[in-house]
Amino acid sequence: MKPVKIAVIGASGYTGLELLRLLLTHPHAELVCVTSRQNAGRSIGDLFPRFHGAVAADLTFIDPDPEAIAATGAEVAFLALPHGVAAGYASSLLDKGLRIIDLSADFRLDDPLVYKEFYDAEHPAPELLKEAVYGLPEVHRADIPDARLIAAPGCYPTSISLPLIPLLREKLIAPDSIITCSMSGVSGAGRKADLSLIFCECNESARAYSVPKHRHLSEIEQELSKAAGETIIISFTPHLIPVHNGICTTTSAKLTGTPEQIQQALEKAYADEYFVRLLGKGGCADTKNVTGTNFIDIGWNYDDRTGRVLLLSAEDNLGKGAASQAIQNFNIICGFSETDGLQNF
């Protein structure tokens, strides 16, 4: 099978680094283009010595110019860029015939007004929003194969939405009672110089941030509302914890069905999903079991004192929350097995 030629735009951040790690060993991917303004002229192996010996280790970073990217022959481009920046490259590269998997927030929302509310800017390419497919394969798989533009979900939305969607679909919880709390590793803040993110500020400490309106609330509420068939507004508090990667999420909601129906709903939705591992009642998801993988582990319990169901999930924010989920979408649009290049434990 002929490999697909790949470009990674913004390949020097944490998400870009994880994309490179996965693509360099993917059986059906040929990396032909990597971009970084800051590191243009350096090779992958020079910037990231861990990749010495890889087939594409000598590939040189170039400036992210759409003409130059297209000239490499790339067929699929992964955009590992900040929101607001990715949209311009998506528009240009789509015009040149490339398919796009965007890991920024630029195409995750259906409504440009919601984008403006949460990202404090006009949407840079509103004409593409109707075309973009929200790349949560376990929910939107049927829409992904023919898409030109995939919006890879955020890390928090993946960890929160996947456990909740089956229960909302089956009307097992009160939609207005959802409260969720997530803890994320420091890599979720990106690879940048920031005093609040240096080792001595983060180590041996934990803190909430972006309270009360984290930007990911916009896509979380959008996807939950679709599942429920009504407008959903939730309470969400993210926390920073002193680990490199991983997200642990605890969500609770008032149960309107029965405890037995919780497991039934989760199994109905995910029993055949390779990357969703159901831990059952009493199972507490642990980040150490999912880091470096594309798995999300989901457990649950029922508190009969409060009448609330507890949903417990863990994923890698750089994996199922970003790069490996993007690869899962790549496998789908190219007709490969979804597990290709992702069967790492």
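Bear in mind that the values in this text are calculations on the coordinates, not laboratory data. The model shown is predicted, which means the values in this text are computed figures rather than measured ones. As a convention, Cβ positions derive from the backbone with ideal geometry for all residues, glycine included, and neighbour counts pool all protein chains shown.
Axis angle, to the nearest 10 degrees, between helix 259-270 and the longest C-alpha principal axis of the chain: 20 degrees. Between Ser196 and Ser177, residue separation times 0.36 nm minus the direct Cα-Cα distance comes to 3.6 nm. Compared with the dominant principal axis of the Cα atoms in the chain, helix 217-228 is inclined by about 60°.
Multiplying the residue separation of Thr339 and Asp46 by 0.36 nm and subtracting their alpha-carbon distance yields 102.5 nm. The count of lysine pairs in segment 156-315 with alpha-carbon distances below 25 Å, taking only pairs 8 or more places apart or on different chains, stands at 13. Other residues lying with their Cβ under 15 Å from the Cβ of Lys281 contribute a combined charge of -3, Lys and Arg counting +1, Asp and Glu -1. Across segment 242-250, rounded Karplus estimates of 3J(HN,Hα) from the backbone phi angles (6.51 cos²θ - 1.76 cosθ + 1.60, θ = phi - 60°) give x, 10, 6, 9, x, 10, 10, 10, 10 Hz, Gly and Pro being marked x. Computed over the Cα atoms of the chain, the ratio of the radius of gyration to the Kirkwood radius (Rg/Rh) comes to 0.96.
Using a Förster distance of 25 Å, how high is the FRET efficiency between Glu230 and Ser210, based on the Cβ-Cβ distance and rounded to 0.05? Working from the Cβ atoms, E equals 0.45.
So, with +1 on the Cβ of K and R and -1 on the Cβ of D and E, and no other charges, what is the size of the charge dipole of the chain about its Cα centre, to the nearest 20 debye? Intermediate results must be reported in sequence, preceding the final value.
Working: 29 positive and 42 negative charges, 97 e Å.
With only Lys, Arg, Asp and Glu charged at Cβ, the dipole is about 460 debye.
Seen against the Cα atoms of the chain and their longest principal axis, helix 86-95 is set at about 60 degrees. Calculated mean residue ellipticity at 222 nm for the chain: -8000 deg cm²/dmol, from DSSP H runs with n ≥ 4 weighted as -39500 (n - 2.57), summed, divided by the residue count and rounded to 500.
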